[in-house]
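Here is the structure we will look at, set down as structure tokens.
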Amino acid sequence: MTEAIKGIKLRLYPNEKQRQQLWQMFGNDRKVWNLMLGMVKKRYKNNPSSQFVNEYGMNYLLKRLKQEYPYLRTSDATSFLVVNHNLAQSFKMLFKHRGGYPRFKSRHALRQSYTGRSTCKVIAKRRIQLPKLGGIRTSKTSYIGKAKIKQYTVSYDPTGRYYLSLQVKTEINELPKTGKAVGLDVGIADLAISSDGIKYGTFHTKWLEKQDTKWQSKYSKRKYRVTVAVRQWNHNHEDIKEDISDYQNWQRAQQQKARYQQKIANQRKDYLHKLTTNLVKQYDVIVIEDLKTKNLQKNHHLAKSIANASWYQFRTMLEYKCAWYGKQLIVVKPNYTSQICSTCGYHSGKKPLEVRAWTCSKCGTNHDRDINAAVNILHKGLKAVG
Ligand SMILES: [Zn+2]
């Protein structure tokens, strides 16, 4: 049995009063972030050699901020600790030259959120108790089961909906061993091809993708119209009446666009979850290529980015699921995997992409290009672990 941290995302349905509270809480988090960041900046400006205020220092200052801005007390107090932690973390990244200078947060950001760490518990099938907010209506809570909630994020995203993302600690039973190993070759037409000769297709949903493009273009047009209207109004605002319907249409397009994008992302994720769970059930050892060094072919730009996003998610899921369920994931370098004959090991040189099948000139085996590569990947992986 292993312990694992799992993520669960629920839809939230706050009532009118809770919505107001939430926006106050989003604002409070932003306030604390901006105050702390301003303070650090000012301190540095006054005395560049002064010591950096660390997370503890920031937490110590919270008490004073709450006296100065009493409305901060309406927030889930643990959320400020998370704000300070994140700010201190981004400064750490800055000092290690792995991130840019932290920025002030804007109330106009499309996504608003806060993260807390105190206790919150499931109180009914579709209800959760959250600090300061009380019982709040959610989508089904059955996925949580007996898991312990470690951290929660309440967010309002560009789709115009509220969500609750939970990090829960849960116990996981290992899956039974099957004694089987597999190599996977990635592609664009197919997400992956296995050394057993199975093709796992890339997830596509034509209708949703079309809707997404449609709303994207509506969004751009309306945004342009609003920008022009505002410019005109600024220029000559005596005789032009403020027309907010344009603005509302633009906002609606923005939300529609975000909703279709979210739907596509969710369906793709479901598909990848089913696929990876299946693989982890079937095989004890899974060998994949390190994509960072693999040159995905010069294909249609969009197809490539979709394939990359899917593949990255696919790999991440395989990584943690193998760890959870007692299976092994091996990552090998992709060199020459499509050039070597998997039967006799003969190195037959580079082949153009159009060549989907070939015959080894040494041993005469007929190869499907992708399956042969997958078998080579499997051999490499097994050799690497002995
Ligand atoms: Zn051969």
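The values are calculated or read from the model by the stated rules, or taken from the named source; none is laboratory data. Keep in mind that what you see is a predicted model, and the values were worked out from it rather than measured. Here the Cβ is made from the backbone with ideal geometry for all residues, glycine too, and neighbour counts use every protein chain on show. Ligands, DNA and RNA are stripped out before the accessible areas are found, and what is left, the full protein with its side chains, is counted by its heavy atoms. Shrake-Rupley method; radii C 1.70, N 1.55, O 1.52, S 1.80 Å.
Report Rg(Cα)/(2.2 N^0.38 Å) for segment 86-215, keeping two decimals.
Dividing the Cα Rg of segment 86-215 by 2.2 N^0.38 Å gives 1.53.
Starting from the Cα-Cα distance between Lys199 and Asp368, subtract it from 0.36 nm times their residue separation and give me the gain in nm to one decimal.
So the chain would gain 59.7 nm between Lys199 and Asp368.
Quick query: amide H of Gly99 versus all other amide H atoms, modeled in the peptide plane; which residues come in under 5 Å with a sequence gap of 5 or more or a different chain?
Under 5 Å from the amide H of Gly99: Leu94.
Select from Met39, Met317, Met25 the residue whose mean-square fluctuation is largest in a Gaussian network model of the chain (Cα-Cα springs shorter than 10 Å).
Result for the chain, Cα springs under 10 Å: Met39 fluctuates most.
Hey, what do the phi angles of segment 228-233 turn into as Karplus ³J(HN,Hα) couplings, whole Hz, using 6.51/-1.76/1.60 and θ = phi - 60°, x for Gly and Pro?
5, 4, 5, 5, 4, 4
Extending each Cα 7 Å along its Cβ direction at Ala4 and His273, get the distance between those two points in nm, one decimal.
So the two model labels end up 1.2 nm from each other.
How large a share of the accessible area of segment 52-126, in percent, is made up of carbon and sulfur atoms when the probe is 1.4 Å and the other protein chains stay in place?
Answer for segment 52-126 is 55 percent, counting heavy atoms of protein chains only.
Taking a ≥ b ≥ c as the square roots of the eigenvalues of the Cα gyration tensor of the chain, is the shape rounded (a/c under 1.5), prolate (a/b larger than b/c) or oblate?
Taking the square roots of the gyration eigenvalues as a ≥ b ≥ c, the chain is prolate.
Thinking of segment 176-386 as a set of Cα atoms, what percent of all their pairs are more than 32 Å apart?
Distances greater than 32 Å cover 37 percent of the Cα pairs.
I need the calculated FRET efficiency for the pair Ser118 and Tyr247, taking r as the beta carbon distance and R₀ as 41 Å, to the nearest 0.05.
0.60
Measure off 7 Å from each Cα along the Cα-to-Cβ vector at Leu208 and His85, then give the distance between these two points in nanometres to one decimal.
Inter-label distance under the simple model: 3.2 nm.
Under a 1.4 Å probe, what is the accessible area of segment 1-111 per residue, stated in Å²?
Result: 67 Å² of accessible area for each residue.
Return one number: the angle in degrees, 0 to 90 and rounded to the nearest 10, between the long axis of the Cα atoms of helix 55-68 and the longest principal axis of the Cα atoms of the chain.
Compared with the principal axis, the helix lies near 30 degrees.
Working from Cα positions, state the angle (0 to 90°, nearest 10) between the long axis of helix 369-385 and the longest principal axis of the chain.
On a 0 to 90 degree scale, this one is about 80.
Before I look further, what does segment 176-386 give for accessible area per residue, probe 1.4 Å, in whole square angstrom?
On a per-residue basis, 60 Å².
Which residues in segment 4-24 place their backbone N less than 16 Å from a point set 7 Å from the Cα of Asn173 along the Cα-to-Cβ direction?
Correct set: 4.
What do you get when you divide the Cα radius of gyration of segment 122-192 by 2.2 N^0.38 Å, with N the number of residues?
So the Cα radius of gyration is 1.69 times the expected 2.2 N^0.38 Å.
At 222 nm, what helix-only mean residue ellipticity would the chain give, in deg cm²/dmol to the nearest 500, using -39500 (n - 2.57) for each DSSP H run of four or more?
The per-residue figure over the chain is -16000 deg cm²/dmol.
From the cross-link list Lys140/Lys180; Lys125/Lys148; Lys42/Lys96; Lys41/Lys96; Lys206/Lys321, which pairs have alpha carbons spaced over 26 Å apart?
Too far apart for the 26 Å limit: Lys140/Lys180; Lys206/Lys321.
Name the residues whose placed amide hydrogens come within less than 5 Å of the amide hydrogen of Tyr162, ignoring near sequence neighbours (fewer than 5 apart) on the same chain.
HN-HN under 5 Å from Tyr162: Leu12.
Rounded to two decimal places and with Rh computed the Kirkwood way over Cα pairs, what is Rg over Rh for segment 33-153?
Checking Rg against Rh, the ratio lands at 1.05.
When the chain is fully extended, how far beyond the present Cα-Cα distance does Lys281 get from Met93, taking 0.36 nm per residue of separation?
Full extension from Lys281 to Met93 adds 63.9 nm.
If the cut-off is a Cα-Cα distance under 17 Å, which aspartates and glutamates reach Lys351, setting aside same-chain residues fewer than 8 apart in sequence?
Answer for Lys351, where 17 Å is the Cα cut-off: Asp185, Asp368, Asp370, listed by chain and number.
Taking amide H positions as placed in the peptide plane 1.01 Å from N, state which residues far from His367 in sequence (5 or more) or on other chains have amide H under 5 Å from it.
Excluding prolines and chain starts, which carry no amide H, the hits are Trp358, Thr359, Cys360.
Relative to the longest principal axis of the C-alpha atoms of the chain, give the angle of the C-alpha long axis of helix 301-324, reported between 0 and 90° and rounded to the nearest 10°.
90 degrees
Determine, for each peptide in 282-291, 344-353, 52-61, 2-11, the mean count of other beta carbons within 10 angstrom over its residues, then list the peptides with the highest first.
Ranking the peptides 282-291, 344-353, 52-61, 2-11 by packing returns 282-291, 52-61, 2-11, 344-353.
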